[in-house]
Structures are given as structure tokens and as C-alpha cells.
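> Just dropping this structure here.
The values are calculated or read from the model by the stated rules, or taken from the named source; none is laboratory data. A quick note: this is a predicted structure, and the numbers were derived from the prediction, not measured. Methodologically, a virtual Cβ is constructed for each residue, glycine included, from the backbone with ideal geometry; neighbour enumeration extends over all protein chains shown.
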Amino acid sequence: MTRAAVFGAGSWGTAYAAILTDADPSVQVTIHARRAKVADAITRTHVNTDYLPDLRLPEQVSATTDPAQAAAGADLVILAVPSQSLRDNLGAWAHVVPQEAVVVSLMKGIELRTGMRMSEVIGQAGGIGPERVVVVSGPNLSKEIAAKQPAASVVAGVDHEAAERVAQASAAPYFRPYTQTDVVGTEIGGAVKNVVALAVGMAEGLGYGDNTKSSIITRGLAETARLGAALGADPATLMGLAGVGDLIATCMSPLSRNHSVGVKLGRGVTIAEVAAIPHQTAEGVKSCRSVVDLAHSLGVDMPICEGVTAVVEQHLSPEQLADALMSRARKHERH
């Protein structure tokens, strides 16, 4: 690989640009940023001060606001934008994506109204065949990766050769990629864990301890597994890095935006106040409704996700959610 384009200058897109150059110092990476201020700072100082001010990017990384310039000659095109904005963005970018490029999704969410996973949106809105789409997911807390702390992740693609190509390009000394072909399971794990992390954060904000948080994580994994099974995912995927691994990191770390937003909600901060905090997009807030709607369409019971959605939509308080979950009818653990 000689060139890569990263569309999205947030924390994860920026950290992944560093992974690519640390894996292969000869690669040239261009980040597409919406704001000229961010693009100029990355190109001149090699620091994204808005998101990862402690990470100095290698000299091989530059940035631009021009999507055609970012994508020109790219072997890999990485998409790292908020999940609910992907379709609109691809409408403006798809025509500049090189025909032979592998398209990599770093996004974790389900699209509102359509119930599509991000790889499906890439296919439909970008006209990109599934054999060219690869998904990267796992315990990917950006600040830890930017600090080059050891981490592992899943690189999934229906075309194993494409997945292996991305894995090779991502194999930095501190970042270990594992390949597989279960794109559905990989994406469902990444989408649902954001919603479960909001619930865990709310529990912490309410003053509850580790027993409560562990219970939510475990039952959240059960909900994820039920939805994955209904969509044909391999159950083993959700027991791995893209499932339970990502779930633990997102639910327990103060570096997780979804966890942090949940804590604020548990402490009485309103959704409007949370939304006003700059650079703190929590995918669970944006995607909880789409996860629940998808579950309903498949007849899948997901009470934690339903409760989180009710809190986000201001039909329940976090205290009422806790009471509702604890008063549900008892049943066998495997159901």
C-alpha cells in the first residue's frame, strides 16, 4: 500500500491514521477534515488539537478539506464519521473513491429509519460492492491507542483477502488485528455496546456499584447476542474482541464517550445539555432508537436498549429505568 485516505478528523480517525503510518512508515495518509482550521493544523503542526492534542502525527500524515484531494490514488479509503451522517457524506464523496480501493468502516451504529448496518449503507449510498468493504471493530479507545498502548481489534470482511490486506496495513507494533468474515456480528457488537454503555454509565451516575454495572454488561451482552442471532451472526464473534471485548472497554472506561454521557445522565444532566458539549459525540445517543427499531422488526426483546432509548427520548428518568429493569418478570437466564 502506498496511499490511504481517512474521511473523518475525529479522535478515532486521527488515531487510525497514526496506526497506518506506524504499521508502514512508507505509506502516505491524507485526512479529510470538514473544517479548514483542523486540516491546516494537522498539515502544519501534525497535531489534531481539537481531538488528540497529545498525539504528534508522523510527517507522512497531512489533511485537506477537499475530498477529491484526500482520496486521489488511495489504496484504502477509511470512513470515520458519525454513523447517522454517513449516507449524506457518501453522497458527496462516493464519486471520488478510487474504483480499486478497499473501503474501511470504523463506524459503530445502525442507521435510523432504514435499520442498515454501516457496511450496508456504504454499499447502498456509495455503490461499493460488499467484497470491497471491510469493518474494523473492537476495544478501540482512541486516547489509549494514540498513546500507543497495546490493543487488539477485529478486521472483518466477506472477502478474506480484502480483510487481510487491511489487517496487514493496520499491524502496528501496539495494534494487533485479527481477521474474520462475520461482518454482521462484528457490526452488531459495535453498535449495541454503545447503548449498553449508556446504561452502565447511568448506573454509575446514580451511585450504583460494580455488581449493578456487571449485571447490566452481562445482560446487555445477552441482548446483543439475541439480535446478532436474528441477523445470522456467528455467536462466537460476540464472545470475541468485537463483542464482549468492545463491550467491556466501552462500558467501564471513563475514556468512553458513551459511558461518560451515561454518567452525566445518571447525575441529572439533560440530553440537551449533553448535546451542547463540543467534540463529544456519543453514538449510543444517536443510534439507540435505530437499534431498538431493528430489534422490534425482528421480534427481538432488548429491554436494556429499550429503556436507554426511553431515557434519551425523555420518557423515563434513569431512576425509573433502574426500577423498570429490576421489576421485570423473572425468567430463565438463557432467554
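> Looking at Leu221, Leu231 in this structure, which one is touching a residue at least 12 places away in the same chain (Cβ under 8 Å), over 24 Å from Gln149 (Cα atoms) and touching a strand residue (DSSP E or B) at 6+ places or on another chain (Cβ under 9 Å)?
The match here is Leu231.
> Do we find that Ser26 is assigned to a strand (DSSP E or B), surrounded by fewer than 20 Cβ atoms within 10 Å (Cβ to Cβ) and of a type outside the set (Lys, Arg) in this structure?
no
> Just to be sure before I move on: is Val133 among the β-branched types (Val, Ile, Thr) and in contact (Cβ under 8 Å) with a residue 40 or more places away in the chain in the structure I sent?
yes
> Of Gly307, Gly232, which residue is farther than 24 Å from Lys143 by Cα and not in a helix (DSSP H, G or I)?
On inspection, the qualifying residue turns out to be Gly232.
> Is it true that Gly243 is touching a Lys or Arg at 6+ places or on another chain (Cβ under 9 Å) and of a type in the set (Gly, Ala, Ser)?
Criteria met by Gly243.
> Looking at Ala197, is it touching a Lys or Arg at 6+ places or on another chain (Cβ under 7 Å) and of a type in the set (A, V, I, L, M)?
So Ala197 does not fit the description; no.
> So Ser287 passes all but one of these: (1) modelled with pLDDT under 95; (2) exposed (fewer than 14 other Cβ atoms within 10 Å of the Cβ). Which condition number does it fail?
The one condition Ser287 does not meet is (2).
> Which residue, of Arg117, Arg165, Arg113, is under 28 Å from Leu57 (Cα atoms), outside the structural domain of Ser297 (by TED's automatic domain parsing) and not small (Gly, Ala, Ser)?
Criteria check complete, one pass: Arg165.
> What's the total number of residues in segment 46-104 that are in contact with a Pro (Cβ under 7 Å, 6 or more places away or on another chain), surrounded by 18 or more Cβ atoms within 10 Å (Cβ to Cβ) and assigned to a helix (DSSP H, G or I)?
Residues meeting the conditions: 3.
> Ok, one more. Are there any pairs with C-beta distances below 6 angstrom linking a residue in segment 295-314 that is without any contact (Cβ under 8 Å) to a residue 60 or more places away in the chain to a residue that is of a type in the set (A, V, I, L, M) and part of a helix (DSSP H, G or I), with the two at least 6 apart or on different chains, and if so which?
Filtered contacts from segment 295-314: Glu306/Val292.
A quick yes/no check of all residues on (1) in contact with a Lys or Arg (Cβ under 8 Å, 6 or more places away or on another chain); (2) among the acidic types (Asp, Glu); (3) modelled with pLDDT of 95 or more; (4) closer than 20 Å to Pro173 by Cα:
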| site | (1), (2), (3), (4) |
| --- | --- |
| Ala5 | no, no, yes, no |
| Gly13 | no, no, yes, yes |
| His46 | yes, no, yes, no |
| Thr64 | no, no, yes, no |
| Val77 | no, no, yes, no |
| Ala80 | no, no, yes, no |
| Asp88 | no, yes, yes, no |
| Gly91 | no, no, no, no |
| Val97 | no, no, yes, no |
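> Out of Arg330, Arg267, I need the residue that is out of contact with any Gly (no Cβ under 8 Å at 6 or more places or on another chain), surrounded by fewer than 16 Cβ atoms within 10 Å (Cβ to Cβ) and charged (D, E, K, R). Which one?
Arg330
> Just checking, which of Ala322, Ala329 is of a type in the set (Gly, Ala, Ser), farther than 15 Å from Arg226 by Cα and in contact (Cβ under 8 Å) with a residue 24 or more places away in the chain?
Among Ala322, Ala329, only Ala322 is of a type in the set (Gly, Ala, Ser), farther than 15 Å from Arg226 by Cα and in contact (Cβ under 8 Å) with a residue 24 or more places away in the chain.
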